[in-house]
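*Asks:* So that we are looking at the same thing, I have put the structure below in structure tokens.
The values are calculated or read from the model by the stated rules, or taken from the named source; none is laboratory data. Remember, it's a predicted structure, so these values are computed and weren't measured experimentally. Glycine also receives a Cβ, built like all others from the backbone with ideal geometry; neighbour counts cover every protein chain displayed. Note: areas computed on protein heavy atoms with side chains; ligands, DNA, RNA excluded. Shrake-Rupley method; radii C 1.70, N 1.55, O 1.52, S 1.80 Å.
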Amino acid sequence: MENQDIIQQATRKANAWLSDAYDRDTRAQVKRLLEAADPSELIDSFYGDLEFGTGGLRGIMGAGTNRMNRYTVGTATQGFSNYINRMFPGEENAVCIGHDCRHHSREYAETAAAIFSANGITAYLFEALRPTPEMSFAIRELGCKGGVIITASHNPKEYNGYKAYWNDGSQLVPPHDKNVIDEVKKVRVEDIRFQGVPERIRILGEEFDKKYLDTVKTLMLSPDAVRRQHDLKIVFTPLHGTTYKLVPDSLRHWGFTNITTVPEQMVTDGDFPTVASANPEEPAAFKMALDKAREIDADLAMACDPDGDRIGIAVKDDRNEWILLNGNQTNIIFTWYIIKRRRESGLLRGNEYTGKTIVTSELLKDIAEKNGIPCHDVYTGFKWIADMVRRLGAEGYIGAGEESFGFMPGSFTRDKDGVSSTSLMAEIAAWAKDNGKTLFGLLLEIYAEYGFSQEKMVYIVRKGLTGAREIQEMMHHFRHETPATINGSAILVKKDYADLTETDLTTGATRAMDFPTTSDVLQFFLADGCKISVRPSGTEPKIKFYFEARAAMDSTADFHRAQAEAEAKIDAIIADLHIL
């Protein structure tokens, strides 16, 4: 489409927003866009539509069909309300609504509460910002039919988002995700019931926080060690987000007495003024926390992302230098510790299971299965871990995680839980210290027992229509012109999640994989123990490659050699694939 046609289409859509169906402030913003000499922002705001996808909404805030605002939030909420009432006719339906620290988050949360209430649905609205896992917990605790969290997680400050949850406390999965999308697409601005019913809006406050934190504490496995090591030196930062109160409160509730926070980052602020990216996966986000950790000679430093579902862990390594553990390492420590302490405490009943996403380290599966506990693979995203719990039952669930810094230690939430995870990791550090060890030393012992694993993710950005075609061509090449070897190692197994087929490339035999839906993901398992996963991003113009390399590690002293060997394997694989 020619640029002039794009401008005309955006202008037509913008003019429709000058009607009385939209409030005065919105009309004024749209008028400024229409009168601007440069039409680029008008095009960005109106040419496309911010679509309600399987994860909800996420976009830049502002007026327009392609922006996060009270009307895109209203459309999503009206459609979600219609679906809840259709699925549960004649029932006393309720939802729970939470929000993070971003600009307009409270406004969007109150807008959603008003619309739900106007549709006859009781809206439990938190009195102020709260972490995502508490909202997930509240859905189950209050018997709600669904929930909404207003957050854009660790996206830049210009963004906000709207994540929809179902009655088990998890994000929407099939068939509900597609069905809600269909309902949202039917909604016109005239259909949105903005005028709330106050008596149907109920506020959740500190009394509910206590209920949540009491439940979090049920995860404790080593109370004696925590009691003896209560003064473990812990540094924590919420990165300006929702866990500024609940994580320190939870740590104190578990018995920890020596908690140091980063004052500048305890201020809830949607501008995230002290970090370039409020993401605990980024080493730069840890700078102030690590400065504080060095200052007080801490045992452990932790961070959560703004909506409190992800956790970042920093520890001192064997050279007494502070390092940030990656998400796989964090999950390895969690899984190993939970199994070990449950066995030592006589808490294993024989029905236990755990899980991981398909791109997460295979070492997690090795640890679980060598201890007689099944480990189930699920798709990327915690809604699939929640789906696993739904299918297999909560009784035997002992935790599951994903490589992108998420772990869910208890089934009382059905999403990543940074509040529970920080408390449990502090306990593990206390238990390790009580046994004369460090967290990093514990990780080395796990590697020495189960083998070393190194992981790396790289991505290639290809923008625009030609970029999308390039990504499709790359997937087609790997899918239909699979090489016999990569870096000199034979590909033994290919898993294609687009048709749910697993192929043994040595025999040609195939089997069907049991997953709830298909996905455009390929995996290759090599003879030398390496794993390669390839998938296009669902939200960005990227193709992502996940690499895992294994190496023998005979003792904790062998760590650096094993690490160098595995890293060299990954570098050689990348070079052989010619992707960078």
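*Asks:* Determine, yes or no, whether GLY53 is closer than 19 Å to PRO156 by Cα and among the small types (Gly, Ala, Ser).
*Replies:* Values: closer than 19 Å to PRO156 by Cα: no; among the small types (Gly, Ala, Ser): yes.
No.
*Asks:* How many residues does the range 267-311 hold that are surrounded by fewer than 24 Cβ atoms within 10 Å (Cβ to Cβ), among the hydrophobic types (A, V, I, L, M, F, W, C) and in contact with an Asp or Glu (Cβ under 7 Å, 6 or more places away or on another chain)?
*Replies:* 1
*Asks:* Looking at the range 13-46 only, could you name the residues that are open to solvent by less than 80 Å² (accessible area, probe 1.4 Å), assigned to a helix (DSSP H, G or I), within 16 Å of THR72 (Cα to Cα) and free of Cβ contacts under 8 Å to residues at least 40 places away in the same chain?
*Replies:* Scanning the range 13-46 gives ALA16, ARG27, GLN29, VAL30, SER45, PHE46.
*Asks:* Suppose the filter is open to solvent by 10 Å² or more (accessible area, probe 1.4 Å) and farther than 22 Å from ASP209 by Cα; does ASP249 pass it?
*Replies:* Working: open to solvent by 10 Å² or more (accessible area, probe 1.4 Å): yes; farther than 22 Å from ASP209 by Cα: no.
Here the answer is no, as ASP249 does not meet what is asked.
*Asks:* What are the residue pairs meeting all of these: first residue in the range 392-409, first residue part of a loop (DSSP other than H, G, I, E, B), second residue basic (Lys, Arg), Cβ atoms under 7 Å, and 6 or more apart or on different chains?
*Replies:* Close Cβ pairs (under 7 Å, with a partner that is basic (Lys, Arg)) amount to PHE405/ARG310.
*Asks:* Examine the range 55-63 for a residue that is free of Cβ contacts under 8 Å to residues at least 24 places away in the same chain, touching a helix residue (DSSP H, G or I) at 6+ places or on another chain (Cβ under 7 Å) and within 30 Å of TYR244 (Cβ to Cβ), and state whether such a residue exists.
*Replies:* In the first step, residues of the range 55-63 are kept if they are free of Cβ contacts under 8 Å to residues at least 24 places away in the same chain; the result is none.
For the range 55-63, residues free of Cβ contacts under 8 Å to residues at least 24 places away in the same chain, touching a helix residue (DSSP H, G or I) at 6+ places or on another chain (Cβ under 7 Å) and within 30 Å of TYR244 (Cβ to Cβ): absent.
*Asks:* Just the residues that are over 25 Å from ARG343 (Cβ atoms) and open to solvent by 30 Å² or more (accessible area, probe 1.4 Å), please, taken from the range 392-409.
*Replies:* Of everything in the range 392-409, just one residue is over 25 Å from ARG343 (Cβ atoms) and open to solvent by 30 Å² or more (accessible area, probe 1.4 Å), namely GLU403.
*Asks:* Among the listed residues LEU213, LEU221, LEU204, identify the single one that is farther than 17 Å from PHE80 by Cβ, at pLDDT 95 or above, in contact with a strand residue (DSSP E or B) (Cβ under 7 Å, 6 or more places away or on another chain) and of a type outside the set (Val, Ile, Thr).
*Replies:* On the way: LEU213 fails: in contact with a strand residue (DSSP E or B) (Cβ under 7 Å, 6 or more places away or on another chain); LEU221 fails: in contact with a strand residue (DSSP E or B) (Cβ under 7 Å, 6 or more places away or on another chain).
Being farther than 17 Å from PHE80 by Cβ, at pLDDT 95 or above, in contact with a strand residue (DSSP E or B) (Cβ under 7 Å, 6 or more places away or on another chain) and of a type outside the set (Val, Ile, Thr) holds for just one of LEU213, LEU221, LEU204, which is LEU204.
*Asks:* If you don't mind, there's one more thing I want to ask. Given (1) closer than 20 Å to PRO483 by Cβ; (2) more than 30 Å from the chain's Cα centre (by Cα); (3) acidic (Asp, Glu), identify the lone condition not met by ASP520.
*Replies:* Going through the list (1) closer than 20 Å to PRO483 by Cβ; (2) more than 30 Å from the chain's Cα centre (by Cα); (3) acidic (Asp, Glu), ASP520 breaks only (2).
*Asks:* Scan the range 312-328 residue by residue and report those that are surrounded by 24 or more Cβ atoms within 10 Å (Cβ to Cβ) and within 14 Å of THR438 (Cα to Cα).
*Replies:* ILE313, VAL315
*Asks:* Out of ARG511, ARG561, I need the residue that is open to solvent by 40 Å² or more (accessible area, probe 1.4 Å), under 30 Å from ARG319 (Cβ atoms) and either within 24 Å of the chain's Cα centre (by Cα) or free of Cβ contacts under 8 Å to residues at least 12 places away in the same chain (or both). Which one?
*Replies:* Details: ARG511 fails: under 30 Å from ARG319 (Cβ atoms).
Among ARG511, ARG561, only ARG561 is open to solvent by 40 Å² or more (accessible area, probe 1.4 Å), under 30 Å from ARG319 (Cβ atoms) and either within 24 Å of the chain's Cα centre (by Cα) or free of Cβ contacts under 8 Å to residues at least 12 places away in the same chain (or both).
*Asks:* When residues of the range 151-176 are filtered for being touching a helix residue (DSSP H, G or I) at 6+ places or on another chain (Cβ under 7 Å) and under 21 Å from ILE311 (Cβ atoms), how many remain? Spell out the reasoning first.
*Replies:* Start the filter on the range 151-176 by keeping residues that are touching a helix residue (DSSP H, G or I) at 6+ places or on another chain (Cβ under 7 Å), which leaves 151, 160, 162, 164-173.
Next, from what is left, pick out any that are under 21 Å from ILE311 (Cβ atoms): 151, 165, 169-171.
Final tally of qualifying residues: 5.
*Asks:* Sticking with this structure for a sec: Any chance the range 47-56 includes a residue that's open to solvent by 60 Å² or more (accessible area, probe 1.4 Å), part of a loop (DSSP other than H, G, I, E, B), out of contact with any strand residue (DSSP E or B) (no Cβ under 9 Å at 6 or more places or on another chain) and over 16 Å from ARG188 (Cβ atoms)? Break it down stepwise before answering.
*Replies:* Taking the range 47-56 and keeping what is open to solvent by 60 Å² or more (accessible area, probe 1.4 Å), we get 47, 49, 51.
Those left that are additionally part of a loop (DSSP other than H, G, I, E, B): 47, 49, 51.
With the extra rule that they be out of contact with any strand residue (DSSP E or B) (no Cβ under 9 Å at 6 or more places or on another chain), the set shrinks to 47, 49.
Checking the rest, the ones that are also over 16 Å from ARG188 (Cβ atoms) come to 47.
Within the range 47-56 (the criterion being open to solvent by 60 Å² or more (accessible area, probe 1.4 Å), part of a loop (DSSP other than H, G, I, E, B), out of contact with any strand residue (DSSP E or B) (no Cβ under 9 Å at 6 or more places or on another chain) and over 16 Å from ARG188 (Cβ atoms)), the answer is yes, since at least one residue qualifies.
*Asks:* Could I ask something else about it? Limited to the range 254-308, what total is found for residues that are at pLDDT 95 or above, farther than 15 Å from GLY241 by Cα and of a type in the set (Asp, Glu)?
*Replies:* Number of matching residues: 4.
Condition check ((1) assigned to a loop (DSSP other than H, G, I, E, B); (2) farther than 23 Å from SER361 by Cβ; (3) open to solvent by less than 40 Å² (accessible area, probe 1.4 Å); (4) modelled with pLDDT of 95 or more) across all residues:
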| residue | (1), (2), (3), (4) |
| --- | --- |
| TRP431 | no, no, yes, yes |
| GLU449 | no, no, no, yes |
| GLU470 | no, yes, no, no |
| GLU473 | no, yes, no, no |
| VAL493 | no, no, yes, yes |
| PRO516 | yes, no, no, no |
| GLN523 | no, no, yes, yes |
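*Asks:* Regarding the range 207-218, can at least one residue be identified that is surrounded by 19 or more Cβ atoms within 10 Å (Cβ to Cβ) and part of a strand (DSSP E or B)?
*Replies:* No.
*Asks:* State which residue pairs qualify: first residue free of Cβ contacts under 8 Å to residues at least 60 places away in the same chain and on the phi > 0 side of the Ramachandran plot and inside the range 437-465, second residue buried (at least 21 other Cβ atoms within 10 Å of the Cβ) and of a type outside the set (A, V, I, L, M, F, W, C) in any location, beta carbons under 9 Å apart, and separation of 6 or more residues or different chains.
*Replies:* Taking only residues 6 or more apart or on different chains, not a single pair turns up.
*Asks:* If a residue has to be under 18 Å from THR151 (Cβ atoms) and either in contact with a strand residue (DSSP E or B) (Cβ under 6 Å, 6 or more places away or on another chain) or among the basic types (Lys, Arg) (or both) to count, how many in the range 261-284 make the cut?
*Replies:* The total comes to 2.
*Asks:* Here is a follow-up. Would you check which residues across the range 256-266 are open to solvent by 70 Å² or more (accessible area, probe 1.4 Å) and either without any contact (Cβ under 8 Å) to a residue 24 or more places away in the chain or part of a loop (DSSP other than H, G, I, E, B) (or both) and list them? Even if it seems obvious, please write down each step before you answer.
*Replies:* If we filter the range 256-266 for residues that are open to solvent by 70 Å² or more (accessible area, probe 1.4 Å), which is where we start, we get 257, 263-264.
Residues satisfying the conditions are THR257, PRO263.
Each row is one residue, and each column tells you yes or no for (1) open to solvent by 10 Å² or more (accessible area, probe 1.4 Å); (2) in a strand (DSSP E or B); (3) more than 16 Å from ARG193 (Cα to Cα).
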| residue | (1), (2), (3) |
| --- | --- |
| HIS103 | yes, no, yes |
| ALA112 | no, no, no |
| PHE116 | no, no, no |
| PRO133 | no, no, yes |
| ARG140 | yes, no, yes |
| CYS144 | no, no, yes |
| GLY147 | no, yes, yes |
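*Asks:* Please go through (1) in contact with a helix residue (DSSP H, G or I) (Cβ under 6 Å, 6 or more places away or on another chain); (2) farther than 20 Å from ASN328 by Cα for ALA509 and return the number of the only condition it doesn't satisfy.
*Replies:* Unmet for ALA509, out of (1) in contact with a helix residue (DSSP H, G or I) (Cβ under 6 Å, 6 or more places away or on another chain); (2) farther than 20 Å from ASN328 by Cα: (1).
*Asks:* On to the next question. Kindly indicate the residue of the range 168-199 that is assigned to a loop (DSSP other than H, G, I, E, B) and of a type in the set (D, E, K, R) and also least open to solvent (accessible area, probe 1.4 Å) among those meeting that condition.
*Replies:* Going residue by residue through the range 168-199, those that are assigned to a loop (DSSP other than H, G, I, E, B) are 168-170, 172-175, 187-188, 192-197.
Cutting the leftovers down to of a type in the set (D, E, K, R) gives us 168, 188, 193.
Details: ASP168: 17, ARG188: 143, ARG193: 125 Å².
Filtering first and then ranking leaves ASP168.
*Asks:* While we're looking at this one, here's another question. Test each condition in (1) open to solvent by less than 50 Å² (accessible area, probe 1.4 Å); (2) assigned to a loop (DSSP other than H, G, I, E, B); (3) within 25 Å of GLY393 (Cα to Cα) for LYS356 and report the one that comes out false.
*Replies:* (2)
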